[in-house]
Amino acid sequence: MNTMGARSLFCVAVGISAVALSLLLSGCIKSKVVMKVKKDGSGDIVVTNIFSKESVAMYDIQMKQIRESGGGAEEKITMKDPFYDEERIRKDAKKFGPDVQFVKAIEYDKDGCRGYIAQYSFPDVNKVNLGLKNKAFEPEMPIAPEPEGAELDQADKAKDSFIFKFEKGDTSKLKIIAPPIPEKKAEATAPAEKAEAKADVPEVQTPEDKAQAQQLMANGNPLGLTGNETQEQFARKMFSGMRITVSVEVEGTDVKSNATYKTGDKSSRCTLFDMDMDRLMEIPSFMKKMMGGAGPGEELLQIYSSVPENPGFIIEKNKETVVEFK
C-alpha cells in the first residue's frame, strides 16, 4: 500500500492515534436526521446514529491496546462511552439552533451494534438550521473532550446549512433555502466511460497490504478479513453500510411541494441530503478518492462536487423548496 491515505486506513491496528480512531469510527454508521414540522411552525428533530458491530468491536480492541500500552495512556483520554454519551447528546441541541431543546435519548444496543436515538424540540422552525458541516451530522466520535467554551459560529454554519422560512395560515407554507451547491468538478462531469476508468486503482495485494491485514487479524479481526485483501477490498469492508440522511417531514393531510425527492404518506417527507456509501463505492473514481485519504466526515459538499452524478449521493438542488400543507 503506497499512498498515505491508504496507510491511514490501517494505522488503527498498529498505533493508538485518536485521529485514526475517529476515522475508523466514521466508517460503518447509519446517521439519520428527520425534522418534523407542525402546522404552527413548531416541531421536533429526531436523530438516529447507529454504529455497526465492526466499529464497536474495533473500538474495544483499540481501547484494550491503549490500556495495555502503559505510560499513563488512560489518563490522556476521556473514558466516557463514545457510542452513548447523554451529556454530549444534550449539548448537540444547540447545533440545530439557539431555541432547540433536548427532549430525550434512548440508547441503542442490539446485535453488537450500538448508538442512540435522540429527540429535540423547537418552538419556531424559522430559527432552526440543518447543517451539512455540523458535528450533529458528521459521523465522528472524538475520544478527547472539546475545549472549554467551544461554540459553533452560527453565521459560518449557515453557509453550509439548510435554513427555513415559515408562514402560518389555513394552508401553512414552509420554504427550505438550500446552501450554495458547488458545481461538479471537470473530472466529475466527464463522460462516464472516461471518468470511471480504473486507472491507478491497484487490484493486486502488495506485501504491505498483506502485512497490515495480518496485523488487523491478529487483533481480533472484527472486519472479517482473510489476509488477502487489496486496498479496494479493505476500503469496502471499512465503509460498507455507511449512510447519512437528512430530511424534513410536515404534518398535514394535504401536501404540495416542488421538492425533488419526496417520500412518505402523501409525499409529506422530502429528502434534503442522502449519502449512501455502498452505492458510492461502486464508482471507481470515488473508490480511488477514498483510498487517497478522503473521509465521509469531511467537507460533504466538496465530496459531492468531486464525484459523478449517482443515486448514492443526492442533495436538494432547488435554491428554494416550497412545501404547502394543511
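Under the condition of being part of a loop (DSSP other than H, G, I, E, B) and either modelled with pLDDT under 85 or not hydrophobic (A, V, I, L, M, F, W, C) (or both), the residues counted in region 167-196 number 13. Considering only residues in region 289-303 that are charged (D, E, K, R) and not in a helix (DSSP H, G or I), the one that is modelled with the lowest pLDDT turns out to be Glu298. Report yes if Ala155 is modelled with pLDDT under 95 and in a loop (DSSP other than H, G, I, E, B), otherwise no. No: the conditions fail for Ala155.
If the condition is being in contact with a Lys or Arg (Cβ under 7 Å, 6 or more places away or on another chain) and closer than 26 Å to Gly41 by Cα, then region 94-116 contributes Lys95, Gly97, Pro98, Asp99, Val100, Phe102.
In region 1-119, counting only helices (runs of 4 or more DSSP H) that sit wholly within it, the ones holding 3 or more residues that are modelled with pLDDT under 75 and more than 30 Å from Gly264 (Cβ to Cβ) span 4-10, 18-25, 53-69.
In region 253-288, the residue that is farthest from Ala188 (Cα to Cα) out of those that are assigned to a helix (DSSP H, G or I), aliphatic (A, V, I, L, M) and in contact with a strand residue (DSSP E or B) (Cβ under 7 Å, 6 or more places away or on another chain) is Met277.
The values are calculated or read from the model by the stated rules, or taken from the named source; none is laboratory data. As the structure is a computational prediction, the values presented were derived from the model and not from experiment. Because the Cβ atoms are built from the backbone with ideal geometry, glycine has one as well, and the counts that use them run over all protein chains shown.
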